[in-house]
Amino acid sequence: MKEKHVSEAIEFRRSVRIYDNSKQIESTKVKQCIYQSTLSPSSSNMQLWEFHHIVSNKKKKEIIKNCFNQSAAKTAKQFVIIVVRKDLWKKRLKSNIDYIKLNLNKNNIDERYYKKALKYYKNIVPIVYNDFYGLIGFIKKISSYFFGLFSPIYREVSSTDIRIVSQKSAALAAQSFMISMSGIGYDTCPMEGFDSLRIKKNLNLPSNTEISMIIACGIRHKKGIFGSRFRVPMDEVYSFH
Ligand SMILES: Cc1cc2nc3c(=O)[nH]c(=O)nc-3n(C[C@H](O)[C@H](O)[C@H](O)COP(=O)(O)O)c2cc1C
């Protein structure tokens with residue numbers, strides 16, 4: 001099957017709540033879509049995400065139950081669960097630093113760019129991500145408020161802010177995944193209706209991780225889309241400055 005153009009894939013994507021039981025999807029193709037979603041941008045390229053690909057019947061049963069048996073989950077052939085791993089920030093920071101050091105003398109990109117990036121990862125990123133039960137974040141927030149009275153400053157420094165920053169990047173990956181799936185004629189439904197605590201137990205995840213989205217996957221049943229697409233008018237959400 002010919003892959004769709006991006007605009008066709010975006011148009012084709014709908015949240016599908018009933019999947020055709022007689023139509024299978026290939027795990028290798030889903031995995032390729034997950035790979036494509038890892039090409040999404042992430043804040044400071046920290047990639048604080050993980051993708052859990054659920055295929056086995058045993059795991060699927062657990063996930064369905066903890067998605068409250070909702071229709072999209074009950075009929076899904078597979079699931080992709082996007083997990084936010086804020087707890088891995090030191091590891092990802094090191095990977096970024098190692099990558100820059102490795103490429104410092106290799107690439108034909110301006111050396112000054114790499115040196116600047118190295119400084120950023122060594123000095124700024126730890127300030128943003130370091131926290132101690134929200135205390136350091138609180139102090140950073142107050143400091144940024146006062147320094148911000150005199151000049152523009154980055155203000156998203158509290159532990160809640162960092163959670164949001166990490167969730168934003170994970171959500172971008174989710175959308176890339178769904179568009180990639182759509183491109184090959186596979187359907188999805190993003191879900192946040194689930195018991196996050198139980199899902200984390202199902203996946204053996206530490207308690208300080210977060211589930212961004214559970215994405216049901218399959219091929220749409222002819223009655224699988226509930227109603228025509230509704231969007232508020234463009235002029236309600238679009239401002240031209
Ligand atoms: C973060 C997020 C969470 C969602 N959670 C659910 C869910 O738990 N169950 C469900 O059936 N649909 C869920 N949806 C799908 C939305 O209801 C759907 O995207 C919206 O109605 C627009 O329809 P469309 O995706 O077909 O364009 C979710 C969508 C997003 C972005």
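The values are calculated or read from the model by the stated rules, or taken from the named source; none is laboratory data. This structure is a prediction, so every number in the text was calculated from the model and none was measured. Positions of Cβ are backbone-derived with ideal geometry, glycine not excepted, and every protein chain shown enters the neighbour counts. When the accessible area is computed, the model is the full protein with side chains, heavy atoms only, and any ligands, DNA or RNA have been set aside. Shrake-Rupley method; radii C 1.70, N 1.55, O 1.52, S 1.80 Å.
Applied to the stretch 232-240, the Karplus parametrisation 6.51 cos²θ - 1.76 cosθ + 1.60 on θ = phi - 60° returns per-residue 3J(HN,Hα) values of 5, x, 3, 5, 7, 10, 10, 10, 10 Hz, with x for Gly and Pro. What stretch of the chain, leaving out the sites themselves, is the longest with no chymotrypsin sites (Phe, Trp or Tyr not before Pro) in a DSSP loop having at most 11 other Cβ atoms within 10 Å? Longest stretch, sites excluded: 1-131. Model label points for T28 and K119, set 7 angstrom from Cα along the Cα-to-Cβ axis, are 4.8 nm apart. For the stretch 128-141, putting each phi into the Karplus relation 6.51 cos²θ - 1.76 cosθ + 1.60 with θ = phi - 60° gives couplings of 5, 8, 5, 7, 9, 6, x, 5, 4, x, 5, 5, 4, 5 Hz, in residue order, rounded to whole numbers and with x for Gly and Pro. Taking 26 Å as the straight-line reach from the Cα of K201, the lysines in range (excluding those fewer than 8 positions away in the same chain) are K31, K58, K59, K60, K61, K65, K74, K77, K86, K90, K91, K168. For the chain, relative contact order (Cα pairs under 8 Å, six or more residues apart, normalised by length) works out to 39 percent.
Could you tell me whether the stretch 54-163 comes out rounded, prolate or oblate from its Cα gyration tensor? Rule is a ≥ b ≥ c as square roots of the eigenvalues, rounded for a/c under 1.5, then prolate if a/b exceeds b/c, otherwise oblate.
In terms of gyration-tensor shape, oblate.
Surface composition of the chain: carbon plus sulfur atoms hold 58% of the accessible area, using a 1.4 angstrom probe and ignoring ligands, DNA and RNA. Filter the trypsin sites (Lys or Arg not before Pro) in the stretch 179-241 to those in DSSP coil with at most 12 other Cβ atoms within 10 Å of their Cβ, and list the result. Here the sparse-neighbourhood loop sites are K222, K223, R229, R231.
Computed from phi, the 3J(HN,Hα) profile of the stretch 213-219 under the Karplus parametrisation 6.51, -1.76, 1.60 (θ = phi - 60°) reads 8, 10, 10, 6, 10, x, 10 Hz, with x in place of Gly and Pro.
Any idea what the dipole of the chain comes to, in debye rounded to 20, about its Cα centre with Lys/Arg Cβ at +1 and Asp/Glu Cβ at -1? Walk me through the intermediate numbers first.
Working: 41 positive and 20 negative charges, 139 e Å.
I would put it at about 660 debye.
In whole angstrom, the chain maps to an equivalent ellipsoid with semi-axes of 36, 21, 20, each derived as √(5λ) from the alpha carbon gyration tensor and ordered largest first.
In the stretch 169-241, what GluC sites (Glu not before Pro) fall in a loop by DSSP, with at most 14 other Cβ atoms inside 10 Å? Intermediate results must be reported in sequence, preceding the final value.
Details: sites: E192, E210, E236; in loops: E192.
Answer in residue order: E192.
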